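The values are calculated or read from the model by the stated rules, or taken from the named source; none is laboratory data. Keep in mind that this is a model prediction, so the values were computed, not measured. As a convention, Cβ positions derive from the backbone with ideal geometry for all residues, glycine included, and neighbour counts pool all protein chains shown.
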Amino acid sequence: MRSKRILAALLVTFAVGTAHAQERAAAPSNDPTGVLRVGKLYTFGGGTALDHGFGLDLRYDVYPARGQDGYLGLFSQGQYELGDAWRFAGGLSVGWGFFGLELGVSHRTETETMAGSTGLHVGQSFTYGPVSIGGRLTVPLVDHVAQSTTMGVQGIEGALVLRVGFGFTVHGERRSSGCRAGHGGGVRNPHAAHHAH
């Protein structure tokens, strides 16, 4: 008889614990969501010389509030420009929904005719699903011109920027997979029931 009571108590405890665990799993999380976005990069522009550029773009965005489209993150870029220069950039990004801004530092290597340059990188973009289109402005801070050379300098650079990439949730609840996937949309609750009307 005593063993039956112990068994009944264990079954009740297990059932209550399972019910609480299911409630916690079904409840939406208020934790921030982190999204890693990896993409390919194409640019066209420059200063005194215009070039096509091809490279990679890596971003980590944190959405601090559930159900809101605002995010704060970091970005880094590396690309080869057909004028035989490499350009690297990195910094902070911030955005809301489709619209994003970025502020950072860039460095472009020298070529046979142009001096290398380190500058302030300012960019903006509009993102729709995996595609992002925007522009960037690079204000030179230091031109690396060797003495007694006739190398040119790019000056202030402007460029059209096209990115194609995909986001992966690295922590928190997955973002919606709608038109603003990776940059907006509400948080999808995978445990939500679907009711037929």
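Are any residues in the range 70-90 crowded, with 18+ Cβ neighbours inside 10 Å and farther than 16 Å from ALA115 by Cα, and if so, which ones?
TYR71, GLY73, PHE75, GLN77, GLN79, ALA89 - these are the residues of the range 70-90 that are crowded, with 18+ Cβ neighbours inside 10 Å and farther than 16 Å from ALA115 by Cα.
This table checks each residue for (1) of a type in the set (Asp, Glu); (2) under 22 Å from the mean Cα position of the chain (by Cα).
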| residue | (1), (2) |
| --- | --- |
| LEU50 | no, no |
| VAL62 | no, yes |
| GLN68 | no, yes |
| TYR71 | no, yes |
| ASP84 | yes, no |
| TRP96 | no, yes |
| LEU101 | no, yes |
| THR109 | no, no |
| ALA115 | no, no |
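Whether any residue in the range 122-136 is of a type in the set (A, V, I, L, M, F, W, C), assigned by TED's automatic domain parsing to the domain that holds GLU157 and not in a strand (DSSP E or B) is what I want to check.
Scanning the range 122-136, I find no residue that is of a type in the set (A, V, I, L, M, F, W, C), assigned by TED's automatic domain parsing to the domain that holds GLU157 and not in a strand (DSSP E or B), so the answer is no.
What do you reckon, is ALA65 closer than 20 Å to LEU141 by Cβ, assigned by TED's automatic domain parsing to the domain that holds ARG136 and either touching a strand residue (DSSP E or B) at 6+ places or on another chain (Cβ under 8 Å) or of a type outside the set (Lys, Arg) (or both)? Spell out how you get there, then give the answer.
Numbers: closer than 20 Å to LEU141 by Cβ: no; assigned by TED's automatic domain parsing to the domain that holds ARG136: yes; either touching a strand residue (DSSP E or B) at 6+ places or on another chain (Cβ under 8 Å) or of a type outside the set (Lys, Arg) (or both): yes.
So ALA65 fails the test.
Can you find a residue that is in the same structural domain as ILE156 (by TED's automatic domain parsing), in contact (Cβ under 8 Å) with a residue 12 or more places away in the chain, crowded, with 16+ Cβ neighbours inside 10 Å and under 26 Å from GLY152 (Cα atoms) anywhere in the range 54-62?
The answer is yes, given that some residue of the range 54-62 is in the same structural domain as ILE156 (by TED's automatic domain parsing), in contact (Cβ under 8 Å) with a residue 12 or more places away in the chain, crowded, with 16+ Cβ neighbours inside 10 Å and under 26 Å from GLY152 (Cα atoms).
Among the candidates GLY158, GLY178, single out the residue that is at pLDDT 70 or above and exposed (fewer than 15 other Cβ atoms within 10 Å of the Cβ).
Values: GLY178 fails: at pLDDT 70 or above.
So the residue among GLY158, GLY178 that is at pLDDT 70 or above and exposed (fewer than 15 other Cβ atoms within 10 Å of the Cβ) is GLY158.
Considering the range 96-108 alone, what residues qualify as being surrounded by 15 or more Cβ atoms within 10 Å (Cβ to Cβ) and either in a strand (DSSP E or B) or of a type in the set (Asp, Glu) (or both)? Walk me through how you get there before you give the answer.
First, the residues of the range 96-108 that are surrounded by 15 or more Cβ atoms within 10 Å (Cβ to Cβ): 97-100, 102, 104, 106-108.
Matches in the range 96-108: PHE99, GLY100, GLU102, GLY104, SER106, HIS107, ARG108.
Restricting to the range 29-53, give me the number of residues that are among the hydrophobic types (A, V, I, L, M, F, W, C) and without any contact (Cβ under 8 Å) to a residue 60 or more places away in the chain. Even if it seems obvious, please write down each step before you answer.
Going through the range 29-53, the residues among the hydrophobic types (A, V, I, L, M, F, W, C) turn out to be 35-36, 38, 41, 44, 49-50.
Within this subset, residues satisfying the condition of being without any contact (Cβ under 8 Å) to a residue 60 or more places away in the chain are 50.
So the count comes out to 1.
Just checking, which of THR118, THR111 is over 22 Å from ARG37 (Cα atoms), touching a residue at least 12 places away in the same chain (Cβ under 8 Å) and assigned to a strand (DSSP E or B)? Walk me through it before giving the result.
On the way: THR111 fails: assigned to a strand (DSSP E or B).
It is THR118.
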